[in-house]
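Please treat every number below as a calculation from the coordinates, not as lab data. Predicted model only: the values in this text are computed from it and were never measured. No Cβ is skipped: glycine too gets one built from the backbone with ideal geometry, and neighbour counts run over all protein chains shown.
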Amino acid sequence: MALSFGILGVNSRNLKYLSRKNRALLDSKLSTKKVLQKAGLPVLKTLGIIRSEAELEKFDFESLPSSFVLKPDRGYGGSGILVLFSKKEGPVWIKADGKRVDAEDLKEHILEILEGRFSLKFLPDIAFFEERAKLVKELKPYTKRGIPDIRVIVYQNIPVMAMLRLPTMMSQGRANLHQGAIGVGIDLASGKTTHAIWLGKSIKYLPGTKYSLEGIQIPFFKDILKLAILAQKALKVKFAGIDIAIDREKGPVIFEANLRPGLSIQLANMAPLEKRLKMVKDLKVSSETKGVKVAEELFGKESLEERALKKILGIVEPVEIIFNANGKEQKIKVLAKIDTGAWRSAISLELAQRINLSPEKMIGVRIFRSSLGEEIRGIFPLTFILGGEKIESEVSVAKREKMQYEMIIGQRDLKNFLIDPSLIKKW
């Protein structure tokens with residue numbers, strides 16, 4: 001499947017969506033973390049900061065734990081990040097490829113960070129140590145080394161695309177795609193993975209295994225989407241890529257926020273990003289819960305497929321009611337009002353009499369409350385055809401002599417349809 005129009009390129013991303021207001025602040029991982037912490041959002045603990053060669057000489061490497069991550073503060077695309085595992089005496093740590101790293105190796109790497117080798121504009125930088133998240137069991141089969149994360153692209157408080165990033169031996173435990181990690185698209189409605197890419201090519205299975213990369217259920221997925229929105233709000237930007245890991249003990253925690261998120265997420269999802277951004281450009285959402293709901297409805301694969309199969313109804317629809325009269329099946333045509341504010345469909349008392357709904361056919365009673373007070377209504381079985389679909393329903397019977405329509409169709413009978421309020425149908 002080839003991507004169509006609406007692909008977001010680097011120039012378009014930078015010109016249209018890159019925040020100018022907080023760019024300098026948010027290019028710093030440490031500054032970003034400080035803002036997120038102030039907002040009460042979960043982040044990984046900083047274990048130490050080295051700002052100069054003098055601080056480097058004084059730093060106690062023995063104080064570092066058995067597993068940690070070394071990062072450049074203003075690094076980009078995973079460059080300069082070291083993921084270290086089990087600690088040996090010396091002190092010595094093990095990298096993802098099994099090679100040993102001692103304190104002198106770390107000092108050399110930190111000097112490169114301080115000199116700006118990995119920073120955005122090759123300017124002098126800061127090195128810091130960060131705790132490493134603990135891998136959750138659900139994602140353990142898909143991870144050789146390092147911690148996978150979920151990147152969520154958020155625009156104006158609405159998640160528009162998400163991707164699971166799986167570190168590999170090639171990526172040295174890092175979750176960055178151009179470092180050799182695997183990217184797997186995620187359906188925003190179900191939280192399940194869809195299509196995977198590795199080194200720019202589509203793959204179906206985790207390399208070297210028979211583990212399918214399609215259909216992985218991401219734990220805490222709705223919480224992850226909400227957390228991404230809250231992070232965007234805290235950072236006061238309209239567009240960002242929020243990287244969130246799932247810690248075995250803490251649950252979802254924010255790794256980083258990216259003002260310039262990589263665009264390979266479009267390949268992993270087999271969907272153009274700019275097209276989605278334009279769809280939500282003018283939408284206003286009041287809460288992160290609403291933002292997640294909009295994302296599910298607009299961009300969830302399951303939701304899109306379901307909507308493609310649904311028929312469109314107007315606010316007034318012709319209906320054929322099927323009933324028995326003198327032992328023969330009969331049909332009567334009426335115009336019905338589509339009422340998404342009502343749960344149960346209803347017909348008028350006069351219509352009930354015309355289709356021979358006698359009291360002995362009543363299957364129950366319900367109390368209905370409205371601005372006019374409470375009303376007890378009988379519930380009757382009813383079969384009718386709406387939009388070409390035969391529906392077996394249970395309707396209430398009410399006096400509707402002052403109403404324009406003899407029948408209203410409620411939510412219960414509208415599950416397989418979409419409603420267009422501008423559309424009014426007649427016989």
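Simple spin-label model, 7 Å along Cα-to-Cβ: Lys331 to Met169 in nm?
About 6.7 nm separates the two model spin labels.
How many percent of all Cα-Cα pairs in the chain sit more than 40 Å apart?
Value for the chain (Cα pairs over 40 Å): 37 percent.
From the phi of every residue in segment 341-346, what ³J(HN,Hα) in whole Hz does the Karplus formula 6.51 cos²θ - 1.76 cosθ + 1.60 yield, where θ is phi - 60° and glycine or proline is x?
Per residue, the Karplus-derived 3J(HN,Hα) values read x, 9, 7, 9, 6, 9 Hz.
What list do you get for Ser31, Ser396 if you sort them by fewest beta carbons within 10 Å?
Sorted ascending by nearby Cβ count, the order is Ser31, Ser396.
Looking only at Cα atoms, what is the convex hull volume of segment 312-419 per residue, in Å³?
With only Cα atoms used, segment 312-419 gives 100 Å³ per residue.
Check cross-link reach from Lys331 to the aspartates and glutamates: straight Cα distance under 18 Å, and skip same-chain residues fewer than eight apart.
Hits, sequence-local ones excluded: Glu317, Glu320, Glu350, Glu389, Glu392, Glu394, Glu406.
Compute the distance from the alpha-carbon center of segment 334-370 to that of segment 377-393, in whole Å.
10
Per DSSP H run of n ≥ 4, the term is -39500 (n - 2.57); total these for the chain, divide by its residue number, and report the mean residue ellipticity at 222 nm rounded to 500 deg cm²/dmol.
Calculated at 222 nm, the ellipticity per residue is -5500 deg cm²/dmol.
Counting pairwise Cα distances across segment 14-140, what percent come out greater than 26 angstrom?
Looking at segment 14-140, the distances longer than 26 Å represent 26 percent of pairs.
What ranking do 290-297, 32-39 get when scored by the average of other Cβ atoms within 10 Å per residue, highest first?
Averaged packing, sorted descending, gives the order 290-297, 32-39.
Mean Kyte-Doolittle of at least 0.5 plus a Cα span of 20 Å or more along the axis: flag which DSSP H helices in the chain meet both, please.
221-235
Go ahead and set up a Gaussian network model of the chain, Cα springs under 10 Å, then flag whichever of Gln404, Gln172, Gln156 fluctuates most.
Ranking Gln404, Gln172, Gln156 by mean-square fluctuation puts Gln404 first.
Could you let me know the centre-to-centre spacing of segment 75-114 and segment 231-255, using Cα atoms, in angstrom?
25
Would you count, across segment 45-132, every pair of lysines whose alpha carbons are under 26 angstrom apart, provided the pair is eight or more residues apart or spans two chains?
So the count works out to 27.
So for the chain, taking the charge dipole from beta-carbon charges (+1 Lys/Arg, -1 Asp/Glu), which of Leu267, Asn416, Ile229 sits furthest toward the positive end?
Asn416
Which order, highest average first, do 375-381, 111-117, 281-287, 61-67 follow once you tally other Cβ atoms within 10 Å for each residue and take the mean per peptide?
Put in order of decreasing packing, that is 111-117, 375-381, 61-67, 281-287.
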